[in-house]
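Notes to accompany the following structure.
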Amino acid sequence: MANAKNARMVLDKDFVVGKIDERIFGSFLEHLGRAIYEGIYEPKHPKADKAGFRTDVSEIIKELQVPIVRYPGGNFVSGYNWEDGVGPVKDRPVKRDIAWETIETNEFGTNEFCAWAKDLDIDVMMTVNLGTRGVDEARNFVEYCNSPEGTYYADMRREHGVSDPHDIKLWCVGNEMDGFWQIGHKPADEYGKLARETAKVMRLVDPTIEIVVSGSSLREMPTFPQWDATVLDLAYEQVDYISLHTYFTNFDDNLKNYLALSVGMESYIRSVVAVCDYIKEKHGALKTMYLSFDEYNVWYHSRPGMVSQTGGWQVAPPILEDVYNFEDALLLGLALITLLRNADRIKVACLSQLVNVIAPIMTRANGPAWRQTIFYPYLHASLYGRGTALLPSIQSPTYMTQSFPILDVPFLDGIGTMREEAGELTIFAVNRDADSPLDFTCELRGFSEYKVLEHIVMTNDNPKATNTEENPDNVIPSKDGDASIDGGMVKALLPALSWNVIRLKR
């Protein structure tokens, strides 16, 4: 092992990014593969409750304290009729899902999902279909979900056994509508007008809701950022957030390039913020447009050569079941740091997805559930990353990558978060260096009488190490970090290739 390199961070109590919206730790469940069926819902499983929900999976999800989950898609939603998934199960139609080439039984739908979410104290982020449908179906869906009684769709819900409204506050108008792969794909001007009118009518049904408009699916889309500018120019007054999606890949198996992808994520965020602020000024608007980063994750293990999987017209086939390794966990940690560093504008984010499909949690039908490597950075960020984000000053040695030839990528990346009323401060830090530990110091300004509670470290000699059903604890964090504090200076050795969480309390 090479000698440790020096890296320094400064956290000042007054250098604030912004308050962290807890919804930044959200997730996503789509009718795709085994995310729903055999994921959260498996009525014949020995640990299923009376509603068919897997209690072993629910207990693991509870550990994460997930505040909100987006549903039901994803590409699936652009061909989905919400009416197919409500009412007596025996009367629900079995249909083809042409987005993923699977068979959808509709055994599980809106009311089942809302019941599951309520049981886990999770808010619902609902997406309406603007691929094959439009204004009328969306307004009816809001009435079905949110209106108390006395009108057609509200009374329909009550007839379906749900007396109280679901009271869903966050709605997405369409999914990835810029994508040529999307059912009902539309050019930006057509979608922008449809999104505007749909949002307007949805708000007339329930003025308390917030609405997310579909932004560019990826930064690499040829229409980015013009798509976002056109859509916002048309719909700015009627929406509250614009969505971003990104998926990280490592097809070249180049670790240095791979761990630098969060730098591109940061640039993507700043570009979308610039578009939002341009349209704000163009319209002379008082309202600030916020960001909903409602799909992000590592996704490449299950699609070699970028060939997307489809389901062969089966019910709940095992597709997109990436098995994540340790280097994936590091990149997810870097992505979470990036989200927190932009907490002033990102108010919602959804790890895509939650169970089985590119997910932190895996299951076997009629068998166990286990945590993948990426589970742990997500867990730590959700548990210890709430409160207020602090803007760090970082001095670190750097390296060059093929992906970012004009950028010096720092070996150290990190962020600080504080819960002032509880006297808690957390430092998240990643060492990207595969060859050398970092001799890390963090100067704390304005934080007196703080002591180190614990230093969580996640590292592994094998970047390709994974967790499996047979060995579910192969890659797990430990609490044996050596962080200390003296005179307002935190010191720690960050192992080569490591995710670190240093918790302090007054």
### Task
Assess whether Lys90 counts as being surrounded by fewer than 20 Cβ atoms within 10 Å (Cβ to Cβ) and touching an Asp or Glu at 6+ places or on another chain (Cβ under 7 Å).
no
### Test: Gln314 is of a type outside the set (Gly, Ala, Ser) and surrounded by fewer than 18 Cβ atoms within 10 Å (Cβ to Cβ)
yes
### Message
Condition first: in contact with a helix residue (DSSP H, G or I) (Cβ under 6 Å, 6 or more places away or on another chain) and not in a loop (DSSP other than H, G, I, E, B). Now tell me which residues in region 410-449 satisfy that.
### Response
Asp413, Ile415, Thr426, Phe428, Val430
### Task
Would you point out which residue out of Val457, Val430 is closer than 18 Å to Gly264 by Cα, surrounded by 19 or more Cβ atoms within 10 Å (Cβ to Cβ) and in contact (Cβ under 8 Å) with a residue 24 or more places away in the chain?
Val430
### Query
Do we find that Val201 is closer than 17 Å to Pro72 by Cβ and among the aliphatic types (A, V, I, L, M) in this structure?
no
### Query
Residues of region 139-152 being farther than 18 Å from Thr127 by Cβ and not polar (S, T, N, Q), which ones?
Pro148, Glu149, Gly150, Tyr152
#### Entry: Of all residues in region 405-455 being over 23 Å from the mean Cα position of the chain (by Cα) and of a type in the set (S, T, N, Q), the one that is modelled with the lowest pLDDT
Ser448
### Query
Can you tell me how many residues in region 232-263 are surrounded by fewer than 19 Cβ atoms within 10 Å (Cβ to Cβ), over 15 Å from Gly192 (Cβ atoms) and out of contact with any Phe, Trp or Tyr (no Cβ under 7 Å at 6 or more places or on another chain)?
5
#### Entry: Which listed residue, of Glu107, Glu63, is of a type outside the set (A, V, I, L, M) and part of a helix (DSSP H, G or I)
Glu63
### Task
Please enumerate the residues belonging to region 115-136 that are within 25 Å of Gln238 (Cβ to Cβ) and either touching a strand residue (DSSP E or B) at 6+ places or on another chain (Cβ under 6 Å) or surrounded by 17 or more Cβ atoms within 10 Å (Cβ to Cβ) (or both).
Asp123, Val124, Met125, Met126, Thr127, Val128, Asn129, Leu130, Gly131, Arg133, Gly134, Val135
### Message
So for region 271-288 (the condition being crowded, with 16+ Cβ neighbours inside 10 Å, touching a His at 6+ places or on another chain (Cβ under 7 Å) and in the same structural domain as Pro222 (by TED's automatic domain parsing)), does at least one residue qualify?
### Response
no
### Pairs with Cβ under 7 Å, 6+ apart, first in region 169-183 and assigned by TED's automatic domain parsing to the domain that holds Leu29 and under 20 Å from Asp97 (Cβ atoms), second assigned to a loop (DSSP other than H, G, I, E, B) and charged (D, E, K, R)
Met177/Lys186; Gln182/Glu176
### Message
Would you confirm, using the coordinates I've provided, whether Ala429 is out of contact with any strand residue (DSSP E or B) (no Cβ under 6 Å at 6 or more places or on another chain) and closer than 24 Å to Asp253 by Cα?
### Response
no
### Query
Is at least one residue of region 327-345 surrounded by fewer than 23 Cβ atoms within 10 Å (Cβ to Cβ) and over 19 Å from the mean Cα position of the chain (by Cα)?
no
### Query
Just one of the numbered conditions (1) in a helix (DSSP H, G or I); (2) under 30 Å from Pro165 (Cα atoms); (3) of a type outside the set (A, V, I, L, M, F, W, C) is not true of Ser262; which one?
(2)
### Query
In region 59-98, what residues are closer than 30 Å to Glu22 by Cβ, over 18 Å from the mean Cα position of the chain (by Cα) and touching a residue at least 24 places away in the same chain (Cβ under 8 Å)?
Ser78, Tyr80, Trp82, Gly85, Val86
### Query
Mind checking whether some residue in region 471-478 is of a type outside the set (Gly, Ala, Ser), closer than 19 Å to Leu259 by Cβ and surrounded by 13 or more Cβ atoms within 10 Å (Cβ to Cβ)?
yes
### Message
Here's a check for you: in region 217-231, which residue that is buried (at least 17 other Cβ atoms within 10 Å of the Cβ) and of a type in the set (S, T, N, Q) is modelled with the lowest pLDDT?
### Response
Ser217
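The values are calculated or read from the model by the stated rules, or taken from the named source; none is laboratory data. None of the values given here were measured: they were computed from a predicted structure. In this analysis, Cβ positions are derived from the backbone assuming ideal geometry, glycine residues included, and neighbour counts consider all displayed protein chains.
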